[in-house]
Each structure stands twice: as C-alpha cells, then as structure tokens.
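Structure first, then comments.
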Amino acid sequence: MDREEQMYLRLVSAIVSKSLRPGEHVNEMQLASANDLSRPRVRRVLERLEMEGVIEFKLNRGAFISRPSVKEALDVFEARVHLESILFRLACERTNKLDIQRLREHIQSEREAFQKDQSDFNQIAGRFHILVAEIIDNKIILDAIKLLIHRVCLIQSLYETERTVLCLVDEHELLVDLIEARDIEACMVQLVHHCDHIKDSLDLSDQRHRISNIYQAIDDRR
C-alpha cells in the first residue's frame, strides 16, 4: 500500500471515528510532514475525498471537513435505504454458511467494543455494512456503500443529540438472522426500521445546522 492510500485511509478512519469533525480545518502542510508526502500528493488525496463529499475547499482558506446541509443529510439517508435494500436483498440470495459465520463474528466484535466503550466503535459498527457488501461480491455496490457510510458518519457528527443512537448491535444481529433465513421481505422491513432509527435520532433541522456552524455569520458576509 503506497503512502497516499495510507493517508487516505487514516483520514477516513478519523472521520468515521469522529476524531475529525464537520467544519474542522485540514492542514495540508502538517499532513505532508506526518505522512512523508509532497504537497501535490497530499492535495491529490484531499481532492479524492472532495469527490467523495467529505472534504470541501474554501477559497484562500484551505481544506475543511464537509458540513452537510439538512437537505444533503436527508438525501444521503434516502439513498442509503434504497441502495442497502438492494445490498441486503442480494445478501439474502447469495450468502453461505461461511459468510454468516463471518457476520456473526463481526457482531460479537461490535458487542464487545460497545460494552467496553471503545473509541473505534463507530468504525467497527460501520464495518458491518461494508462486510455485507464484500460478501455479495459486487465492487460497484461496495464502493458506494463505503462512501455512504463515510457521509452518514459526518451527518451523525453534525446533527447528533443526547438521544442519538449509533449503529445498533442488536439490529445488526437481527439483520443477520434474516439473511440466514433468506427472508427477504422481513429483512427489507428491518433494514428500513434500522436506517430510520438512526435518522430519527438526529436533529435534522436548519436551526441545528446554524447553531453547529460557528463560521455561519462570517461565511454569510463574504
């Protein structure tokens, strides 16, 4: 794995784990030094993340972690439930005993991470959806799921409240049960409930977006 890919994965990990928060500045010079990369190579990684919707460049100010609007957040959740409906339908059709074993082992890792309140729990929980995409063996869907998970994490960082839920372990376990039973209809119902549970726990309001954005007044005057 080359250094650019390593830096890309480190940044994604920091976003998923909420170490990097929406609106936070990303210092190109520090990244270049820390990763032993030239500025042009660092910029290439950041431009890749910009294309994925998790980095934005501001004129004369540099790169920042994206701050999705309420409309963007709702669009992401709408896209997620439709794409994951395809994903889990295929999982019900294609998984074998070894696949189910992999998923259950992952569920156990999630449960242990949650019980220990591990700082990387978000990454482990998000990995469940990526693992399902890996199992169905469709690279296009896999790439899209990875992108959606990154953007959902940004949305959670920006709009979470005290009642915000993470990707619930018990709901993942039930999804695996339904995949194993090849019960497509019940799996679709549970998937919609799962996605809605997360979305409904967030404060997806313009007021919340304005309160969270300490640069709003400055940006509005420019």
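Where a number appears in this text, it was derived from the coordinates with a stated rule and is not lab data. Predicted, not measured: the structure shown is a model, and the values here were computed from it. Please note: Cβ atoms are built from the backbone with ideal geometry, for glycine as well, and neighbour counts cover all protein chains shown.
Remarks
- Extreme residue, positive dipole direction of the stretch 70-206, given options ALA125, LEU103, HIS172 (C-beta unit charges): LEU103
- About the centre of its Cα atoms, the stretch 42-102 shows a dipole size close to 240 debye [charges on the beta carbon of Lys, Arg (+1) and Asp, Glu (-1) only; nearest 20 debye].
- Given +1 at the Cβ of Lys and Arg, -1 at the Cβ of Asp and Glu and no other charges, the dipole of the stretch 3-66 around its Cα centre is 120 debye to the nearest 20.
- When both the stretch 1-65 and the stretch 130-202 are represented by their alpha-carbon centers, they are found 26 Å apart.
- Using only side-chain charges placed at the Cβ, +1 for Lys and Arg and -1 for Asp and Glu, the dipole size of the chain relative to its Cα centre rounds to 900 debye.
- Of ILE198, ILE65, ILE86, the one that fluctuates the most in a GNM where the chain has Cα springs shorter than 10 Å: ILE86
- Rounded to the nearest 10 degrees, the angle from helix 70-94 to the longest Cα principal axis of the chain is 30 degrees.
- Rough spin-label spacing in nm, given labels placed 7 Å along Cα→Cβ, for ASP170 and ASP200: 1.5
- Only helices enter this figure: runs of n ≥ 4 DSSP H residues, each worth -39500 (n - 2.57), summed and divided by the residues of the chain, yield -23500 deg cm²/dmol at 222 nm to the nearest 500.
- Listed residues ALA144, ALA186, ALA34, most fluctuating in the chain (Gaussian network, C-alpha, under 10 Å): ALA34
- Summary value for the chain: 25 percent relative contact order, contacts being C-alpha pairs under 8 angstrom separated by 6+ residues.
- Label assignment, semi-axes √(5λ) of the Cα gyration tensor in Å derived from the structure, set (1) 30, 17, 17; (2) 34, 21, 18; (3) 32, 21, 15: (3)
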